[in-house]
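I have placed the structure first, in the form of structure tokens, so that the comments after it can refer back to it.
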């Protein structure tokens, strides 16, 4: 899956930032963590080298104005890095995925994101 396909899935599920709550962000964070664990369990060289885990969401990582989601980010830690982009929701509506990760290592994040989109679109 590509980043663009994940963005299209968000649109296809008729989602926008108005559907995102703090609780929904926590669900996405938990779903990414579950996919990262599955990725690690598969034991590929890439997964073992990266050893990615979800980073905690800090207060300044998420912005709500007048109770509405404006922007935010979920980050990952790895064996040789801290707080790299997993998913970023930018003010201009662009959603970024694993900007510093390879196309292989971003796959668990994209998988989790698409599952999350489907889940929140259903309600």
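Laboratory data are not the source of any read-out in this text; all were calculated from the coordinates shown. In this text the structure is predicted, and so the values were computed from the model without any measurement. Using ideal geometry, Cβ is built from the backbone for each residue, glycine included, and neighbour counts are taken over all protein chains shown.
It is to be established whether one or more residues within the range 110-120 are surrounded by fewer than 16 Cβ atoms within 10 Å (Cβ to Cβ) and over 15 Å from the mean Cα position of the chain (by Cα).
Scanning the range 110-120 turns up no residue that is surrounded by fewer than 16 Cβ atoms within 10 Å (Cβ to Cβ) and over 15 Å from the mean Cα position of the chain (by Cα).
I need the full set of residues from the range 2-11 which are in contact (Cβ under 8 Å) with a residue 60 or more places away in the chain and assigned to a helix (DSSP H, G or I), in order please.
The answer is 3, 5, 6, 7, 9, 10.
Mind checking which residues of the range 20-41 are farther than 16 Å from residue 115 by Cα and either buried (at least 17 other Cβ atoms within 10 Å of the Cβ) or touching a residue at least 24 places away in the same chain (Cβ under 8 Å) (or both)?
Once the filter is applied, which keeps residues that are farther than 16 Å from residue 115 by Cα and either buried (at least 17 other Cβ atoms within 10 Å of the Cβ) or touching a residue at least 24 places away in the same chain (Cβ under 8 Å) (or both), the range 20-41 yields 21, 22.
For the range 42-50, does any single residue satisfy the condition of being surrounded by fewer than 17 Cβ atoms within 10 Å (Cβ to Cβ) and touching a strand residue (DSSP E or B) at 6+ places or on another chain (Cβ under 6 Å)?
Taking every residue of the range 42-50 in turn, none turns out to be surrounded by fewer than 17 Cβ atoms within 10 Å (Cβ to Cβ) and touching a strand residue (DSSP E or B) at 6+ places or on another chain (Cβ under 6 Å).
Can you name the number of the only condition in (1) surrounded by fewer than 16 Cβ atoms within 10 Å (Cβ to Cβ); (2) farther than 23 Å from residue 119 by Cβ; (3) in contact (Cβ under 8 Å) with a residue 40 or more places away in the chain that residue 59 fails?
Status for residue 59: all satisfied but (3).
In this structure, is residue 17 touching a strand residue (DSSP E or B) at 6+ places or on another chain (Cβ under 6 Å) and under 20 Å from residue 118 (Cβ atoms)?
Yes.
Scan (1) within 18 Å of residue 1 (Cβ to Cβ); (2) surrounded by 16 or more Cβ atoms within 10 Å (Cβ to Cβ) for the single condition residue 102 breaks and write down its number.
Unmet for residue 102, out of (1) within 18 Å of residue 1 (Cβ to Cβ); (2) surrounded by 16 or more Cβ atoms within 10 Å (Cβ to Cβ): (2).
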